[in-house]
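Visitor: Below is a structure I'd like to ask you about.
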Amino acid sequence: TQLLEQSPQFLSIQEGENLTVYCNSSSVFSSLQWYRQEPGEGPVLLVTVVTGGEVKKLKRLTFQFGDARKDSSLHITAAQPGDTGLYLCAGVLKGGYQKVTFGTGTKLQVIP
Amino acid sequence: EAGVVQSPRYKIIEKKQPVAFWCNPISGHNTLYWYLQNLGQGPELLIRYENEEAVDDSQLPKDRFSAERLKGVDSTLKIQPAELGDSAVYLCASSLDQGGTGASNEQFFGPGTRLTVL
């Protein structure tokens with residue numbers, strides 16, 4: 001059972017369009033990370049958000065952590081073909097050690 | 001600086017055969033992870049090591065899977081015997097954990113080993 005559900009599962013859009021990916025859970029996380037994975041490679045960290053309500057921007061990507069630290073969103077403005085990939089959120093649970101649980105993934109295709 | 005190295009990159013075996021994957025983490029990283037990833041889905045943790053100690057192996061199917069990190073550096077994941085459902089990408093990651101802060105330390109992933117069981 002995945003603690004973190006991402007939506008949509010698949011997204012195919014035209015270059016220049018905007019999109020939002022959601023990451024939802026019933027669990028409270030001490031922090032949340034977003035990774036991007038390209039075919040044949042491992043995931044690469046994009047950002048970590050720590051504080052409830054926190055917003056971070058990385059060029060055309062905007063990441064937000066929910067106020068209750070149970071959910072997060074990733075918004076991409078004017079998508080480019082280079083944004084194509086599998087986007088993964090990963091929640092860090094408080095506890096004996098910081099267990100990281102990955103979301104179900106969102107596969108994005110940006111068509112030129 | 002070299003990243004996480006995994007070998008082999010691809011492996012095709014027949015069911016019931018054994019298979020082993022090797023991972024060399026980034027130098028100095030004390031924590032090492034093995035994940036299983038099915039196509040288009042998120043990685044699922046199999047085992048996490050802190051130095052040579054397995055601190056979380058709750059998701060490792062111990063009847064057929066085993067792992068070791070004897071000197072706290074490189075690690076091997078083994079499957080014996082392999083089943084059709086084991087076909088997946090096996091990812092290794094490492095991190096330099098510096099204690100329990102709110103911001104988890106970044107995991108650096110290798111390219112993975114794609115296993116096909118026929």
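The values are calculated or read from the model by the stated rules, or taken from the named source; none is laboratory data. None of these values were measured; they are calculated from a predicted model. With ideal geometry, Cβ positions are generated from the backbone for all residues, glycine too; neighbour counts draw on all protein chains shown. With ligands, DNA and RNA removed, areas are computed over all heavy atoms of the protein, side chains included. Shrake-Rupley method; radii C 1.70, N 1.55, O 1.52, S 1.80 Å.
Visitor: Of all residues in the range A:70-112, which are more than 9 Å from every other protein chain (Cβ to nearest Cβ) and among the basic types (K, R)?
Guide: Matches in the range A:70-112: A:K70 only.
Visitor: Return the residue satisfying two criteria in turn: it lies in the range B:14-53 and is open to solvent by less than 50 Å² (accessible area, probe 1.4 Å) and without any contact (Cβ under 8 Å) to a residue 12 or more places away in the chain, and of such residues it is nearest to the other protein chains (Cβ to nearest Cβ).
Guide: B:G42
Visitor: Run A:T62 past the list (1) more than 8 Å from chain B (Cβ to nearest Cβ); (2) in contact with an Asp or Glu (Cβ under 8 Å, 6 or more places away or on another chain) and report the number of the one that doesn't hold.
Guide: Only one criterion is unmet by A:T62, namely (2).
Visitor: Is it the case that some residue within the range B:99-115 is within 11 Å of chain A (Cβ to nearest Cβ), surrounded by fewer than 15 Cβ atoms within 10 Å (Cβ to Cβ) and of a type in the set (S, T, N, Q)?
Guide: Scanning the range B:99-115 turns up at least one residue that is within 11 Å of chain A (Cβ to nearest Cβ), surrounded by fewer than 15 Cβ atoms within 10 Å (Cβ to Cβ) and of a type in the set (S, T, N, Q).
Residue-by-condition table, conditions (1) more than 10 Å from the chain's Cα centre (by Cα); (2) β-branched (V, I, T):
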{"residue": "B:H29", "(1), (2)": "yes, no"}
{"residue": "B:P43", "(1), (2)": "yes, no"}
{"residue": "B:E50", "(1), (2)": "yes, no"}
{"residue": "B:I79", "(1), (2)": "yes, yes"}
{"residue": "B:A82", "(1), (2)": "yes, no"}
{"residue": "B:D86", "(1), (2)": "yes, no"}
{"residue": "B:D97", "(1), (2)": "yes, no"}
{"residue": "B:E106", "(1), (2)": "yes, no"}
{"residue": "B:T113", "(1), (2)": "no, yes"}
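Visitor: Additional query: Among the numbered criteria (1) open to solvent by less than 20 Å² (accessible area, probe 1.4 Å); (2) more than 16 Å from B:N105 (Cα to Cα); (3) free of Cβ contacts under 8 Å to residues at least 60 places away in the same chain, which single criterion is violated by A:A79?
Guide: That leaves (3) as the condition not met.
Visitor: Kindly provide the set of residues from the range B:71-95 that are of a type in the set (A, V, I, L, M, F, W, C), more than 14 Å from every other protein chain (Cβ to nearest Cβ) and not in a helix (DSSP H, G or I), ordered by number.
Guide: Those that are of a type in the set (A, V, I, L, M, F, W, C), more than 14 Å from every other protein chain (Cβ to nearest Cβ) and not in a helix (DSSP H, G or I): B:V73, B:L77, B:I79, B:A82.
Visitor: For A:T51, state whether it is facing chain B (nearest Cβ under 10 Å) and either surrounded by 19 or more Cβ atoms within 10 Å (Cβ to Cβ) or of a type outside the set (D, E, K, R) (or both). Walk me through how you get there before you give the answer.
Guide: On the way: facing chain B (nearest Cβ under 10 Å): yes; either surrounded by 19 or more Cβ atoms within 10 Å (Cβ to Cβ) or of a type outside the set (D, E, K, R) (or both): yes.
Here the answer is yes, as A:T51 does meet what is asked.
Visitor: Taking the stated definitions as given, is B:K11 part of a loop (DSSP other than H, G, I, E, B) and of a type in the set (D, E, K, R)?
Guide: no
Visitor: Inside the range B:55-70, can you point out the residues that are of a type outside the set (A, V, I, L, M), in a loop (DSSP other than H, G, I, E, B), away from chain A (no Cβ under 14 Å) and open to solvent by 30 Å² or more (accessible area, probe 1.4 Å)?
Guide: B:P61, B:K62, B:D63, B:R64, listed by residue number.
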